[in-house]
Amino acid sequence: MIRQQGCFFLDTLRHAAWKIISVGGSMPTFEDLERQRALIPLVVEEGGEDTIGGKTTAHAYLFLRLAEALGIPRAEVFATEYLPTTIIEKNELFLLQRSSVLEALCGGNIATESINPLHMKQMAEAMEKHYGVARDALDFYYVHMEVEGDHAERAVRLLERLAVTDEEQARGRLALRRAITVRRICAEGMLEAFGGAAAS
């Protein structure tokens, strides 16, 4: 399952960068520039704060460190044959990022990152307690526990300015439902492949 998650987690820098690219057109407005600036911290966090004098490295590198602590060599992570349902999830989430900043925020930050502080905490605790994974190898989870709540809050602030009409709010809700749906499809695909029959 960890290897399947690499399909997305090894490519999160592009995922974050598309949020910025989706803001504005060929002639950006001042508001577009402000929205782009508000999204820059997401790209820096994904790419590694160590690139600008911080301590935390790229989230993809933290994921590789976690995989290696679980006994999955780096070469094996990159050679993973992804399930069709995993690819469907990634493609849809990336499509939401490229569609518009509204879809990117609703489909990414709200649908996914808003639950990560709790989910990542549970994963870190389970990995340490039940599988004996060393604390320093779990930084992937601990970093996400810290930053994802902030990402969701930042998204809400941006959406308060972006999703003011009924049409924009409907687009945002649809993006949210699309993201949740493909997450479920991916999880069911992994359950069927690795744990037996898909949940009914």
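Any read-out appearing in this document is the output of simple, stated calculations on the displayed coordinates, not a laboratory observation. What you see is a predicted model, and the numbers here were worked out from it, not measured in a lab. Note that each Cβ is placed from the backbone with ideal geometry, even for glycine, and that neighbours are counted across all protein chains shown.
General observations
- Solution diffusion estimate, µm²/s, Stokes-Einstein, the range 2-192, Kirkwood Rh from C-alpha pairs, 4 °C, viscosity 1.567 mPa s: 75
- Helix 84-99 axis versus longest C-alpha principal axis of the chain: approximately 20°, rounded to the nearest ten.
- Contour excess over end-to-end distance, with Cα ends at L118 and R37 and 0.36 nm allotted per residue: 26.4 nm
- Rounded to 10°, Cα long-axis angle of helix 116-131 versus longest principal axis of the chain: 10
- Spatial separation of Cα centroids for the range 62-136 and the range 1-58, in angstrom: 15
- On the basis of the beta-carbon distance and an R0 of 45 Å, F194 and T165 show a calculated FRET efficiency of 0.55.
- Ranked E81, E128, criterion: other C-beta atoms within 10 Å, fewest first: E81, E128
- Dipole moment magnitude, nearest 20 debye, the chain about Cα centre, only Lys, Arg, Asp, Glu C-beta charged: 200
- Signed unit charges on C-beta, dipole axis of the range 62-200, positive-most listed residue A134, L93, S114: L93
- Nearest-0.05 FRET efficiency for M27 and D150, computed from C-beta distance (R0 41 Å): 0.85
- Geometric descriptor of the range 119-200, per residue, is 112 Å³ (volume of the convex hull of the Cα atoms).
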